[in-house]
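Asks: Can you read through this structure? Questions will come right after.
Rule-based calculations on the coordinates, nothing more; no lab input. These numbers were taken from a predicted model, which means no experiment stands behind them. Every residue, glycine among them, receives a Cβ derived from its backbone with ideal geometry; neighbour counts consider all protein chains shown.
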Amino acid sequence: MKKVALSEKHIALGAKMVPFAGYSMPVQYSGINDEHIAVRSGVGVFDVSHMGEFILKGKNALDLIQRVTSNDASKLVDGGVQYSCFPNDSGGIVDDLLVYRIDELTYMLVVNASNIDKDWAWVQKFNTKEVEMHNISDQTSLLAVQGPKAVKVLKGLTEMDIEGMKYYTFEKGTFCGIDNVLVSATGYTGAGGFEVYFENEHANKIWDAIFAAGAENDIKPIGLAARDTLRLEMGFCLYGNDINDTTSPLEAGLGWITKFTKEFTNASNLQKQKEAGVSKKLVGFELIDKGIPRQGYEIVDAVGNKIGNVTSGTMAPSLKKAIGMGYVYKDFSKADTEIYISVRNKQLKAKVVRTPFYKN
């Protein structure tokens, strides 16, 4: 079991540590609801150092990224970030990721912790033009400082323009007196905020500085459980739940990151699927009857015929209602369609709703 650089810090803070993607990670501190609300209304810090980071360098770096990702990375400028995915050969998704353009010849790919080895092998497979590749995952720490008060907390720790940083852009510079720190206006919560990348050796100094700066704003450490409820309220996909090797990006509602203006893995088949129309779609739903939907539960119609499966579900702390996502046949995918979630031989009434569930 791998440990992140701040593992002892989390244990000292009373975190409940659990195995996750091969790492020992903090799942919660004070409680999921308390941590969730702290991020929605104030500011919280997630240690997500288990995520993977790859550096791609050279004159053919962009060409490689274009061939293995679905989005059009040629649209990126220096300091830009793009959400994308790696399509596989059979219509599914190897992983979803972020693409950072450092400069014309240098890019950083940020991938999911559980897929680091798989993704590295996948990109290497297509590296036929001698792009310089570095897997810096084990040397890199990542803190997500999320919430409406994140700007207040971070702006005094750097000369980088935290207040003026636009969504899905980043800067590299000095942070807490440490050089070569990357700060991006990204996150997985829908609450606003930043993600801070740095070398492991600086982890304790940066963590302590952020918490000292945030003390007057009641900053809190946040675990992975609240990260999941926050992302689900926004309708963000989680790899392994809502998307995987068998789910098409078009079925998952990710047509907006699937650009057929270039050649990429399985593009022709995905374009045919777009033209023909998908047979199932990922939808959001909220329960009308009392209960909580969980991954794997069957979705059925009014007479009990199976029409899909739940991929994610929870009792949403911000909304005080049970919500979920799942794949259903296209005929059942319109907003306000009545569906039922099969829970322990009971059929709980629900309705399809548009995401995000939580609206600021």
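Asks: So how much slack lies between Ala121 and Trp256, counting 0.36 nm per residue of separation and subtracting their Cα-Cα distance, in nm? Show your work: numbers first, answer last.
Replies: Values: separation 135, 0.36 × 135 = 48.60 nm, distance 2.59 nm.
Stretched fully, the Ala121-Trp256 segment lengthens by 46.0 nm.
Asks: Right, next: Determine, from the Cβ-Cβ distance of Lys59 and Lys351 and an R0 of 41 Å, the FRET efficiency 1/(1 + (r/R0)^6), rounded to the nearest 0.05.
Replies: 0.20
Asks: Let me ask you something else. Can you tell me which aspartates and glutamates have their Cα less than 13 Å from the Cα of Lys152? Leave out same-chain residues fewer than eight positions away.
Replies: Straight-line reach from Lys152, under 13 Å: Asp161, Glu163, Glu216, Asp218.
Asks: Fully extended, how many nm does the chain gain between Leu319 and Thr106 (0.36 nm per residue separation, minus their Cα-Cα distance)?
Replies: This chain segment gains 72.5 nm when fully extended.
Asks: Of the trypsin sites (Lys or Arg not before Pro) in the stretch 1-86, which ones lie in a loop per DSSP and count no more than 12 other C-beta atoms within 10 Å?
Replies: Lys59
Asks: If R₀ is 22 angstrom, what is the calculated FRET efficiency for the pair Glu216 and Ser30, using the beta carbon separation as r and rounding to 0.05?
Replies: Here the calculated transfer efficiency is 0.75.
Asks: When the helix-only estimate is applied to the chain (DSSP H runs of n ≥ 4, each -39,500 (n - 2.57), divided by the residue count), what is the mean residue ellipticity at 222 nm, nearest 500 deg cm²/dmol?
Replies: Dividing the helical sum by the residues of the chain leaves -5500 deg cm²/dmol.
Asks: Would you compute, for the Cα atoms of the stretch 279-353, the largest minus smallest coordinate along each principal axis and list the three values in descending order, in whole Å?
Replies: That gives 32, 24, 19 Å along the principal axes, largest extent first.
Asks: Is any residue of the stretch 162-187 close enough, with backbone N under 18 Å, to a label point placed 7 angstrom from the Cα of Asp208 along the Cα-Cβ axis, and if so, which?
Replies: Of the residues in the stretch 162-187, 175-179 have backbone N under 18 Å from the label point off Asp208.
Asks: Out of the chymotrypsin sites (Phe, Trp or Tyr not before Pro) in the stretch 151-190, which ones are loop residues according to DSSP with at most 16 other C-beta atoms within 10 Å?
Replies: Numbers: sites: Tyr167, Tyr168, Phe170, Phe175, Tyr188; in loops: Tyr167, Tyr168, Tyr188.
Filter output for the stretch 151-190: Tyr167, Tyr168.
Asks: Pairs of alpha-carbon atoms within less than 8 angstrom and 6+ residues apart define the contacts here; what relative contact order does the stretch 279-353 have, in percent?
Replies: Taking the mean separation of contacting Cα pairs over the length of the stretch 279-353, I get 40 percent.
Asks: If you don't mind, another one. So which GluC sites (Glu not before Pro) in the stretch 212-295 are both in a DSSP loop and have at most 12 other Cβ atoms within 10 Å of their Cβ? Present the calculation step by step, with values, prior to reporting the outcome.
Replies: Values: sites: Glu216, Glu233, Glu251, Glu263, Glu275, Glu286; in loops: Glu251, Glu263.
Sparse-neighbourhood loop GluC sites (Glu not before Pro): Glu263.
Asks: Let me ask something else. For the stretch 53-74 and the stretch 259-312, compute the distance between their C-alpha centroids and round to whole Å.
Replies: 29
Asks: Suppose each label sits 7 Å from its Cα in the direction of the beta carbon; what would the Glu201-Val18 distance come out to in nanometres?
Replies: Modelled inter-label distance: 3.5 nm.
Asks: What are the aspartates and glutamates whose alpha-carbon lies under 18 Å from the alpha-carbon of Lys349, with same-chain residues fewer than 8 places away excluded?
Replies: Hits, sequence-local ones excluded: Glu286, Asp289, Glu298, Asp301, Asp331, Asp336, Glu338.
Asks: So if I place +1 on the C-beta of Lys and Arg and -1 on the C-beta of Asp and Glu, and nothing else carries charge, what would the dipole magnitude of the chain be about its Cα centre? I want it in debye, nearest 20.
Replies: Result for the chain is approximately 1240 debye, rounded to the nearest 20.
Asks: First measure r as the distance between the Cβ atoms of Lys306 and Asp138, then evaluate 1/(1 + (r/R0)^6) with R0 = 56 Å and state the FRET efficiency to the nearest 0.05.
Replies: 0.85
Asks: While we're looking at this one, here's another question. Could you pull out the pairs from Lys290/Lys334; Lys75/Lys359; Lys3/Lys129 whose alpha carbons sit more than 27 Å apart here?
Replies: Lys75/Lys359; Lys3/Lys129
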